[in-house]
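Okay, structure first, notes after.
The values are calculated or read from the model by the stated rules, or taken from the named source; none is laboratory data. This is a predicted model, so every value here is computed, not measured. Don't worry about glycine lacking a Cβ; one is built from the backbone with ideal geometry, like all the others, and counts go over all protein chains shown. Please note that ligands, DNA and RNA were not included when accessible areas were found on the heavy atoms of the full protein model with its side chains. Shrake-Rupley method; radii C 1.70, N 1.55, O 1.52, S 1.80 Å.
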Amino acid sequence: YRRLRSYFAASIQWSQFDPFIPLKDKAFKHSRTYVLQLARTMHELGIALEPDDRQLEVIFRQMIQMSLWGNAADLSFLTRVSISDIQRQLAVSKEAQAAKHEFILKDDQDAAWNHLKSIENGRVDIVLDNCKYACPIVTTLVTHRFYQLFADLVLADFLVTYTPYVDRVVFHPKMIPWFLSDATPFDFKRLYSLLNQEFFESVDIGDSPDCWEHLSVMFERWEGYVEKGVFKLSVPDGSPLGGDTRGRADFWTSPYPYWDMKNLAPPLYENLRSSDLVIFKGDLKLTGDIKWPPWTPFAGSLRALAGSFPILSLRTNKSYVVIGVDLTVAEELDARTGDTWRFSGRQVKKLFL
């Protein structure tokens, strides 16, 4: 992917060209049901949610699962998954979340929630992963590039709007279309231009009359957060693809594991050390892209990065890189499914350090 990007970067006319925009736009329209459902959910939270830790904890767990399973939409293995599987993974209802919980192999939500409660006027960083999923349906490639990024914004919205613990969220994009689908600064900015009825109107999906109003209100709130710096990119606004970020965002698409961050990207490392919580979305390089024994502790797989700052990793099992699973659980799954559970995406890990 770095080689592919280099071809465009060598051209004046094509240096900022993203060849996947038509596919991204086409597929995001088909996420309309989920976009409107989440907008309605955020509206209802504003009416019903009280400043009560018990209520906030319940919603926090749902938001984390929503963000986690939004990542499940990024899997190349979806060629072997039915459309109904995709719809279940993208659903955000309580029933759907409960059904998914049985597939979670490592669940540290308690630790994550207890840590979040200890924060006061805090800063959360989200290292963006994919903002799409790719799935051949018959012969058509459908790329839901923006749904996951949208889900990450919803999570950030919940943290700063409805909890007393967080007052700003920093989003870390990739500076090139890494693995085709990772969120870039342009993706982050452009998503806002797509959240309107005009963009979605060609999709024939029924929805309630007030759905668009909920989406508009949420969109205006997000715009205000961007203007005030409550939502902020880790790079300057308008940063071009492949731009020099002085040892910050360009590290994410370097060939190095993240445990080399302190030595190879000191500005990024020091910046993240000032964060109260760093959420990584499904990045294999967090653990070095190594085929660890599945029962390897999360901290052990982080090597030099362990203890540098609080980390929450949300990731589906979509490769042989699996860690943090109890030995007995790993052996039981191996006996039952062979090694397919490690990359099938039907089980996931949520890890907290």
Inset, instruction - Go through the stretch 249-268 residue by residue and tally those that are touching a residue at least 60 places away in the same chain (Cβ under 8 Å) and in contact with a helix residue (DSSP H, G or I) (Cβ under 6 Å, 6 or more places away or on another chain). - result: 1
Inset, instruction - Look through the stretch 105-140, keep the residues that are modelled with pLDDT under 95 and of a type in the set (Ser, Thr, Tyr), and return whichever of them is nearest to Trp178 (Cα to Cα). - result: Tyr133
Legend entry - Failed criterion for Phe231 (all others in (1) more than 19 Å from Trp252 (Cα to Cα); (2) modelled with pLDDT under 90; (3) open to solvent by less than 10 Å² (accessible area, probe 1.4 Å) hold): (2)
Inset, instruction - Would you mention how many residues in the stretch 292-313 are outside any helix (DSSP H, G or I) and in contact with a strand residue (DSSP E or B) (Cβ under 6 Å, 6 or more places away or on another chain)? - result: 5
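Conditions (1) under 16 Å from Asp108 (Cα atoms); (2) surrounded by fewer than 18 Cβ atoms within 10 Å (Cβ to Cβ); (3) at pLDDT 95 or above, marked per residue:
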| position | (1), (2), (3) |
| --- | --- |
| Lys262 | no, yes, yes |
| Pro267 | no, yes, no |
| Ser274 | no, yes, yes |
| Ile279 | yes, no, yes |
| Leu284 | no, yes, no |
| Thr287 | no, no, no |
| Ile290 | no, yes, no |
| Phe298 | yes, no, no |
Inset, instruction - Could you please find all residues in the stretch 270-289 being more than 17 Å from Leu155 (Cβ to Cβ) and touching a Phe, Trp or Tyr at 6+ places or on another chain (Cβ under 9 Å)? - result: Leu272, Arg273, Ser274, Lys285, Leu286, Thr287, Gly288
Inset, instruction - Quickly run through the stretch 153-185 and pick out the residues that are open to solvent by 10 Å² or more (accessible area, probe 1.4 Å) and of a type in the set (D, E, K, R). - result: Asp167, Arg168
Inset, instruction - Inspect the stretch 206-219 for any residue being in a loop (DSSP other than H, G, I, E, B), open to solvent by less than 60 Å² (accessible area, probe 1.4 Å) and under 30 Å from Leu4 (Cα atoms) and give the result as yes or no. - result: no
Inset, instruction - Determine whether the stretch 236-245 contains at least one residue that is out of contact with any strand residue (DSSP E or B) (no Cβ under 6 Å at 6 or more places or on another chain), modelled with pLDDT under 95, at positive phi and open to solvent by 20 Å² or more (accessible area, probe 1.4 Å). - result: yes
Legend entry - Condition broken by Gly224, with the remaining ones in (1) assigned to a helix (DSSP H, G or I); (2) crowded, with 20+ Cβ neighbours inside 10 Å satisfied: (2)
